Structures are given as structure tokens and as C-alpha cells.
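This report concerns only the one structure given below.
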Amino acid sequence: MANKRTKSKANSNGNRPRNGVRAITAHGAADAIVRRAGSPKRTGEGVRPSAANTDLRTYSIPDYRLEHPNFTVHQSVEKDKAGAEHVHYEVEGDLDAPVPPIRDSKYLSKQQAIEIYRYMLLNRKMETALENLYKQGKVVGGVYFGLGQEACSCASAYALDKDDWFAPMIRNQGSLLVRGFRASDTMMQYMAKAGSPTKGRDGTSHFGDIEKRNMVSPISMLGDLIPVMSGVALGARLQGRNIAVMTWIGDGGQSTGVTYEGINFAAVQNLGLVLVIESNEWAYSTPSEMQYRCKDLAERAIGYGIPGVIIDGTDACQVYDAAYEAVERAHRGEGPTMIEAKMMRMKGHAIHDAAAYVPKALFDFWKKRDPIARFENYLVREKKWLTGQENGELISEVERVIEEEREIAVNSPMPTPESAEGGVSCEDGCHVIKPKYGMPKVKKGTSRYKETEAAVHLK
Amino acid sequence: MQLTYLEAIRQGIWEEMEHDPTVFCLGEDIGIYGGAFKVTDGFIDRFGPERVIDTPIAESAIVGAAFGASLTGMRPVAEFQFMDFIPCAMNQISNMVAKTHYLWGAPAPLVLRGPSGGYVHGGPFHSQNPEMWFVHNPGLKVICPATPYDAKGLIKAAIRDNNPCLFFEHKYLYRRIKGEVPAEDYVVPIGKARIAREGRDLSVITYAAMVHSALEAADMLAKESIDVEVLDLRTVSPLDREAIAQTVKKTNRVIILHEHSRTGGLAGEIAAIINEEVFDDLDGPIVRITGLDSAIPFSPPQEEHYLPKVSDIVREARRLKAY
């Protein structure tokens, strides 16, 4: 047991225990994501019930995980040999728990499961290639990784239909591959090449495509995509379509005010937002204990009045099933869903960050839960959907693809200096604006235009 | 027909909603209540709650949702209850909306509109002119009409434009001025100034409510045989550089007039344009008449002191004419 007793730093926010009781494991609760018990019983027209607790609302958040990692990270003070005090992070809890099995999907076919696995491999090997390109000095700026989060990025995006929209955050580069972008697109972005989707104007996975792949470009500020994606769903609904709009946010990013505004807007407008909260333990160097107080971020769904669900973000089947159900709800016009995926960011914030602040025991715990190794074991040894040889061939094919993509990216020229100019505005017919899903069918009321006679607000 | 400034805006949006099913409105209290100033009064009865959406008090969500909808080919018109609240959505406007076309080539045909401006004793949070924050933000068009004719023609042009347009309605003008507005459909081009009054001796370059102050001053100065030209910019981004150069070439003397604070204000930018375009034509210093470098105060005597007055324009014009 790595159950460490440490001296706590008294005023550290990181020492606060999470409130509430342990989440209820509700394996059978898939169809009743938010449960309301004891809703007011009317004893007569307009008469409020007098019995105690009839207005008490209880909720549960379904938790599909097959294990519930139980540890906390907090700050502690240690003295060095010279007696000087140093603050660092300690992890406390059960870090020796065995790795749980993959939960069988209710929806995935063998072929689909293998396809998701292939995307996860592509995701990882693309990022490995990027790391090498960085070491060769070919990348401008840093590289961001989704190591340990490939299941969360790929299996969630895989649940979207063609007409749905998505907006990835920096650790969701895998979702771009699932939605049909090439690895070279992202690689060229990192190398600031003329052939990149933004023609060198922005880096990383900051690009979009409103024509074919229905992707909104992320910006570096966190949470702003949430109202934007809600607006995409609103636009589609005005055109007669209930679509799903998926975006992701970290346990750090969800601290922003615009996150609240965006989810609340989707909730009151009943828009098909599928928000995947990537609880990956660390927001740059700040542990989740210092980002929020509640036990699980999915609990916040209760406050928005929308369904929330907790999944193991390293289990591709759980990710897909939760995303699929959320996407289906969106298509039925039933509104937003919050999915909290628990996992761990297995590298630093970006390539420059060695993540020395992360207790090693935490890396060790999650390394055993590597999403690709787990899924590979599931497909090859448990389900026997892939033979060892087929798996080897698949991995070789992915490596070959990534090498080809790398070549394309490396050989793309740098943009000319003058290409910094122009394109600030949409002028001279560079775009024709037309409703994506067809002209809205409008119903007009019978009232006619007449001049307003209202009073002046300020005199 | 004679319409108030407010009615002209209202009619412009109404007509666009009648003609184009992709146009819809969203904002706080714009539905059954009709908006704090009643610009969308009666819209919900005609166009329904689907196209006239009351939102939570969440400016970032309003702008974000308008932007998202615009990406699907809609033309949202989002209301700020007061433009003073626009910084609540600053990141959405500055980092999300404004950069979109330049960075990844997506057009964002949306309008962010609302009341701005002083002279109504609204205090520091209901009287501001925050347009300069957006002038210094490539990718946005910033429109500040002064007359009912322009207000209607420009709101229609903004709704039809393929770019994000910020439309600053001057609340002092809402119900204080009336003007002739044609019954037939028309637009006023964005980015084009107009000569509000022809003159030979000096030019006042201004926009929005200050156009009316400049015209009033010009009438007074005419009695002293000082012939003032008033250039109404109508759009402050993009600026009509040619019109600015032309009026300076004609009168050789220029006053730049605006309500917002002096430092980093529009007058500095216009002075730089004059410097670049027509420096040799100047017969005197470029004069600025602006608000003070402070928040806009609440109490009427203080607000009056803060904001430019007709008497300021008259005084500065006499001084410049004699230069």
C-alpha cells in the first residue's frame, strides 16, 4: 500500500476533502441518468403538501466505472538536508488496486471496436512522431499531447454522426483523425507550414472546417467553445435539425465562467451539447483538488438540470457508450449531457514540461491503465477479435500511415512573409452564406408591424 | 415617412426578419418585454419565440451562441441590453469571433447591437462608448449611426454583411430625433462617411450623437461667418480614409470630436491618418474635443463637464479659424 501519511500544509486548498458521499455505482441506471425521487405529491389543487421531505429531491449520477480510484493529492512541506522547507505534492490513497477489466459495450460491433482501436493507435503514433519532429527542431513552439487520453478523444468522436459537429481541445487531436482529418494536417500546423489548414496562421489543432467536417476551431482560452457549440446546435435547430455538438473541457478548463454560461445556455435552450469533461488530474501543474470542491464534476450536471454520467476515460467502450447515448439524446432533441471521463494526463502540460510536480506513484497507477494497452488486451486476448498477427499488421499499417503523413508535412514549404496579409474580413464574395441544413421554415404570427410607443428607459 | 432613430433600427431588423428566414434575434429581455428600450417590441408575436430568444444573463453565451449559429449559415442579431456590458463577452468577441476568418477562413455573419453613449445620466455603467476596444481589433466592423436614415440603412447592411458587425446605437438619439426614412428597401454602405454639412472654413470629423452637436455649433458659427463642414463617419471601423482626407484638403483645418476618453481614442487615429494622407494641406493644428480621461460620472453637472459640449466646439472652432 502506498498509503502515505504526510504533514499537511494547513492552509492549502489542496487539502480539502471532497464533500458528499461516494458516488453510487448505478450500473443499471443507464436509462435514468438523472433520477428524481420524492417529487412533490399534490394533496389537492394548489395545496402544498405538509409532510416533511416531500420536496426533497435526490439525484444520482450514474457511474459506469468498474473501479473507483480512491486517492487525493495535496500539498505538503518537506525539509531538505539544510533544513530549508519545500512545498510539493503528495498523493494519498490506494494506489495498488488491480486494473479493472474493460466493460463490454452495449453498442459497439467488433468492427467498430477495432476501428476505434486503430484511431487510438494513430492518435498516439502521430503524437510520438510530433515529439520526434520537435526533437529534430522542426516544430515551431511546443507540442501538446493526449497521452493516456486517446480513448476519451477517439471513442467519443466516433459516436458522432456525419452531420454532427465537434470542437476539439488541445488533448483531443485523436478526434480530428476520427472525423477525417489527416495526421499531416495537424503535423503541418505544428510546423507552421504553408500547407497547414490555417496556412501557417495558427498552430496545434487550432483549425476548423464548416464545410465538410463540421469542426469549429478551438482558441487557447478554455470554455469558450461551449456556448459556441450550443449556438451551432441552435442554428441547426432553427433549420429543422436536432444535431449533436461535441466538445471537451478539462477539470481545469471547467473552472472558467464561460463554461457555466455555455452549459446553462444549452440547458435552458435544450440544445444537443455533448460535453466531455476530461478529469485528467492536472491542469498544467495544479491538481484537481485545487480546481473544484465537489466530489465529481459530473455532479455539476445536477445544478444545470441536465444528465451527468461518470465513466472511466481509459476504457474505450465506456467512453463510446456514454457518448453514443448522449448523441442519441441530442438527436432526439432531449438536450445536453455532461460526461465526466476520469483519467490522467500522462505527460506534462506541453513538451517543455517534465511534470516533475506529479507524484511518481500517480504516474505508476495510471500507466497500468494505459487506454491502448487495455483495449489491445481486450480485443486480442479477451474477445479474440484480433489475432496477434492481425494486431501486429494493424500496428505496422498505422506506423506506415504516420510515416507517410510525416513526409508530406515535412515537405510542405513555409509560408511566404506576405501571406500574413489579407483575409481579415470576408469580402468580395469569398464565401456564400447559406443555411447548412436548409432554409428555416418560418411560421409568422398574425400581428403586423406597428410603431412602438413604449416609454423611454432613461430620460 | 418620419421615424425616430429607434424606430428606424427596429424597422430595419423587422424587415430583414421578414425577408430572410436565417435572421433571428437573441438577447436579454427581448421577447415578451421587447427589450429594455423596446427595439424588439412586438417581434415575438410576429416571428415567434424560436426566432426571438430570451437568453440567460450571460453575455459570453449570447455572443458564443450567435457565433455558433452563424457558422451554420444563420444571421443572428444579438442584443446587448447596454453596450457597457460588452466586455463581459470580450474574449468571445476578440479571440473567437474576430479572428475566425483570418485564422481558419470561416465567415461569421453576426450582428452585436445595443445602446451606448452619454447625455442621459446613466452613470459609469450605462453611458459608455466602448467602440474603440473593437476598432483596435481587426476582423470586426464597428458602426455608429447618427440619423434614422443611416440607422436603418446600416442595420440592414450589417445584417446582410458576411462579417461580425458591432452596431452602436446612441441611446440619447433613440427618441430625441426623427428623420425621413424611405418606405422602400435600401442599405447604407458600411465604411462610407457622409458630409452632414458642407463648409469651407474648417471640418469637424465626428459620428453618432456628436454629429448633432457639431451641426448645432455650425449653425451658431455661421452667424460669425465661420463656415463649418461636418463629416459624419457613420462607420468607425473600417474608417473612410478618403473622406477624411478630402474634407481636410477642402478646409485645411480640422477638429475631431468624440464622446469617449481622449487617450487612445479615435481622434488620435484620425489625426494619424490625416498626418499620413494630407499633412501638407493642414493650416493649423489638429484639434481634439473628447471626453475626459476618467470613467463617465453620474451626477448631471459632472456628466456635463465630462462630455463635449456645443460651446466647446464653438470655442475651438473660433480658435482654429483664427490660427
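Please average, across the residues of B:31-42, the number of beta carbons from any other chain that are within 10 Å of each residue's own beta carbon, and give a whole number. Don't skip to the end; give the middle numbers.
On the way: counts 0, 0, 1, 2, 3, 3, 6, 6, 2, 1, 5, 8.
That average works out to 3.
Give, as ranges by residue number, the residues of the stretch A:327-362 whose backbone N falls under 14 Å from the point 7 Å along Cα→Cβ of A:GLU382.
Counting only backbone N, you get no residues.
Hand me the tally of lysine pairs in the stretch B:168-253: alpha carbons under 30 angstrom apart, and the pair either on different chains or 8 or more positions apart. Spell out each step's value before the answer.
Numbers: B:LYS171/B:LYS192; B:LYS178/B:LYS192; B:LYS178/B:LYS223; B:LYS192/B:LYS249; B:LYS192/B:LYS250; B:LYS223/B:LYS249; B:LYS223/B:LYS250.
Qualifying lysine pairs in the stretch B:168-253: 7.
For the stretch A:270-388, what number results from the quotient of the Cα radius of gyration and 2.2 N^0.38 Å?
Working: Rg = 16.6 Å, N = 119, 2.2 N^0.38 = 13.5 Å.
In units of the 2.2 N^0.38 Å rule of thumb, it is 1.23.
For the stretch B:18-75, what class follows from the C-alpha gyration tensor (a ≥ b ≥ c being the square roots of its eigenvalues): rounded when a/c is under 1.5, otherwise prolate if a/b is larger than b/c, else oblate? If you can, show how the numbers build up before the last one.
Working: a/c = 2.40, a/b = 1.15, b/c = 2.08.
The shape class here is oblate.
Kindly express, to the nearest 10 degrees and within the range 0 to 90, the angle between helix B:310-321's C-alpha long axis and the longest C-alpha principal axis of chain B.
Here the helix axis deviates by roughly 40 degrees.
Skipping prolines and chain starts, which residues have an amide H placed within reach, meaning under 5 Å, of the one on B:VAL254, given they are 5 or more residues away or on another chain?
Amide H neighbours of B:VAL254, under 5 Å, 5+ apart: B:SER203, B:VAL287.
For A:GLU421 and B:ARG241, what is the calculated FRET efficiency with R₀ set at 22 Å and r taken between the beta-carbons, to the nearest 0.05? Could the numbers behind the result be given before it?
Details: r = 17 Å, r/R0 = 0.79.
The pair A:GLU421/B:ARG241 has a calculated efficiency of 0.80.
With a cut-off of at most 14 other beta carbons within 10 Å, and DSSP calling the residue loop, which trypsin sites (Lys or Arg not before Pro) in the stretch A:217-322 qualify? Please list them.
On the way: sites: A:ARG237, A:ARG241, A:ARG293, A:LYS295, A:ARG300; in loops: A:ARG241, A:ARG293, A:LYS295.
Within the stretch A:217-322, the qualifying trypsin sites (Lys or Arg not before Pro) (loop, at most 14 other Cβ atoms within 10 Å) are A:ARG293.
Just to be sure I understand the rule: take each whole DSSP H helix in chain A, project its Cα atoms onto its long axis, keep it if the span is 20 Å or more and its mean Kyte-Doolittle hydropathy is at least -0.5. Which ones pass? Could you put the intermediate results ahead of the total?
Values: long enough: A:110-135 (38 Å, -0.70); A:316-331 (22 Å, -0.28); A:388-411 (35 Å, -0.72).
Going by DSSP H runs, the hits are A:316-331.
Can you spot the lysines whose alpha carbon is less than 20 Å from A:LYS81's alpha carbon? Ignore those fewer than 8 places along the same chain.
Within reach: A:LYS7, A:LYS9.
Against the 2.2 N^0.38 Å scaling, with N counting residues, where does the stretch B:183-247 land? I'd like the Cα-based Rg ratio to two decimal places. Intermediate values should be presented prior to the final figure.
Details: Rg = 12.8 Å, N = 65, 2.2 N^0.38 = 10.7 Å.
The stretch B:183-247 yields a ratio of 1.19.
So what are the three principal axis dimensions of chain B from its Cα atoms, in whole Å, longest to shortest?
Ordered largest first, chain B gives principal extents of 60, 40, 40 Å.
How big is chain A by Rg and Dmax over its Cα atoms, in Å?
24.4, 84
What percent of all Cα-Cα pairs in the stretch B:116-209 falls into each 10 Å bin, going from 0 up to the bin containing the maximum distance?
14, 42, 35, 9
Looking at chain A, what % of its DSSP beta bridges pair antiparallel, to the nearest 5?
Numbers: 16 of 38 bridges.
Around 40 percent antiparallel, to the nearest 5.
Just by accessible area at a 1.4 angstrom probe, what is the order of B:PHE134, B:PHE125, A:PHE363 from largest to smallest?
On the way: B:PHE134 0, B:PHE125 140, A:PHE363 40 Å².
The ordering from most to least exposed comes out as B:PHE125, A:PHE363, B:PHE134.
Using the Karplus curve 6.51 cos²θ - 1.76 cosθ + 1.60 with θ = phi - 60°, what ³J(HN,Hα) values do you get for each residue of the stretch B:202-216, in whole Hz, with x for Gly and Pro?
Rounded to whole hertz, the list is 7, 10, 10, 9, 7, 6, 6, 4, 5, 4, 6, 5, 5, 5, 5.
Using the C-alpha atoms of the stretch A:135-187, what convex hull volume per residue, in cubic angstrom, is computed?
Details: hull volume 4.4 nm³, N = 53.
Normalising the Cα hull of the stretch A:135-187 by residue number yields 83 Å³.
First measure r as the distance between the Cβ atoms of A:GLU407 and A:ALA373, then evaluate 1/(1 + (r/R0)^6) with R0 = 25 Å and state the FRET efficiency to the nearest 0.05. Could you put the intermediate results ahead of the total?
Details: r = 28 Å, r/R0 = 1.13.
With R0 = 25 Å, the Cβ-Cβ based efficiency is 0.35.
Run the quick spin-label model on B:ASP293 and B:LYS309: label points 7 Å from Cα toward the beta carbon, then report their separation in nm to one decimal.
2.3
For chain B, find the longest principal axis of its Cα atoms and tell me its angle to the long axis of helix B:5-19, 0 to 90°, nearest 10.
40
Just how many % of Cα pairs in the stretch B:194-321 lie over 23 Å apart, if you round to the nearest whole percent? All intermediate terms of the calculation are to be shown ahead of the outcome.
Numbers: 2038 of 8128 pairs.
More than 23 Å apart: 25 percent of the Cα pairs in the stretch B:194-321.
Using the Karplus curve 6.51 cos²θ - 1.76 cosθ + 1.60 with θ = phi - 60°, what ³J(HN,Hα) values do you get for each residue of the stretch B:254-259, in whole Hz, with x for Gly and Pro?
9, 10, 10, 10, 8, 7
Just from the alpha-carbon atoms, what are the Rg and Dmax of the protein assembly as shown in angstroms?
29.9, 98
Could you list which residues have their amide H under 5 Å from that of B:VAL52, counting only those 5 or more apart in sequence or on another chain, with H placed in the peptide plane?
Those lying under 5 Å, H to H, from B:VAL52 are B:CYS25.
Among the DSSP beta bridges whose two residues both lie in chain B, what percent are antiparallel, rounded to the nearest 5? Intermediate values should be presented prior to the final figure.
Numbers: 8 of 40 bridges.
Antiparallel: roughly 20 percent of the beta bridges in chain B.
Rounded to the nearest 500, what is the protein assembly as shown's calculated 222 nm mean residue ellipticity when only DSSP H runs of at least 4 contribute -39500 (n - 2.57) each, over all residues?
Working: 22 runs with 248 residues, N = 782.
Taking each H run of at least 4 residues, the total per residue is -9500 deg cm²/dmol.
For the stretch B:164-227, state which chymotrypsin sites (Phe, Trp or Tyr not before Pro) are in a DSSP loop and have at most 15 other beta carbons lying within 10 Å of their beta carbon. Can you show the working numbers first?
Working: sites: B:PHE167, B:PHE168, B:TYR172, B:TYR174, B:TYR186, B:TYR207; in loops: B:TYR172, B:TYR174, B:TYR186, B:TYR207.
Passing both the DSSP loop test and the Cβ count: B:TYR186.
Apply the Karplus curve 6.51 cos²θ - 1.76 cosθ + 1.60, θ = phi - 60°, to the phi angles in the stretch A:203-213 and return the couplings in whole Hz, x for Gly and Pro.
x, 6, 8, 7, 7, x, 7, 8, 8, 9, 9
Check which residues have an amide H placed less than 5 Å from B:GLY114's amide H, if you skip close sequence neighbours.
B:PHE80, B:PHE167, B:GLU169
Need the C-alpha centroid separation for the stretch B:114-171 versus the stretch A:202-276, integer Å.
When both Cα centres are located, 27 Å separates them.
What do you get for chymotrypsin sites (Phe, Trp or Tyr not before Pro) in the stretch B:1-60 restricted to DSSP loop and a cutoff of at most 10 other Cβ within 10 Å of the site's Cβ?
Working: sites: B:TYR5, B:TRP14, B:PHE24, B:TYR33, B:PHE37, B:PHE43, B:PHE47; in loops: B:TYR33, B:PHE37.
Here no loop site has a sparse enough neighbourhood.
With everything on Cα atoms, drop me the angle between helix B:148-160 and the longest principal axis of chain B, reported from 0 to 90° to the nearest 10.
Helix B:148-160 sits roughly 50 degrees off the main axis of chain B.
From largest accessible area down, sort B:TYR149, A:TYR378; use a 1.4 Å probe on the protein chains. Let's see the in-between values first.
On the way: B:TYR149 90, A:TYR378 5 Å².
Most to least solvent-accessible, the answer reads B:TYR149, A:TYR378.
With contacts defined as alpha carbon pairs under 8 Å and 6 or more residues apart, what's the relative contact order of chain A in percent?
Values: 842 pairs, mean separation 87.6, N = 459.
Averaging sequence separation for qualifying contacts and normalising by length gives 19 percent for chain A.
Starting from the alpha-carbon convex hull of the stretch B:2-180, give the projected area averaged over all orientations, in nm².
Numbers: hull surface 36.8 nm².
Mean projected area of the Cα convex hull: 9.2 nm².
Assuming 0.36 nm per residue, please report the length gained on full extension of the stretch B:LYS192 to B:ASN95 beyond their Cα-Cα distance.
That works out to 32.3 nm of additional length.
The values are calculated or read from the model by the stated rules, or taken from the named source; none is laboratory data. Everything numeric here is computed off the predicted structure, so don't read it as measured data. Positions of Cβ are backbone-derived with ideal geometry, glycine not excepted, and every protein chain shown enters the neighbour counts. Quick note on the areas: whole protein, heavy atoms, side chains included, nothing else; ligands and nucleic acids left out. Shrake-Rupley method; radii C 1.70, N 1.55, O 1.52, S 1.80 Å.
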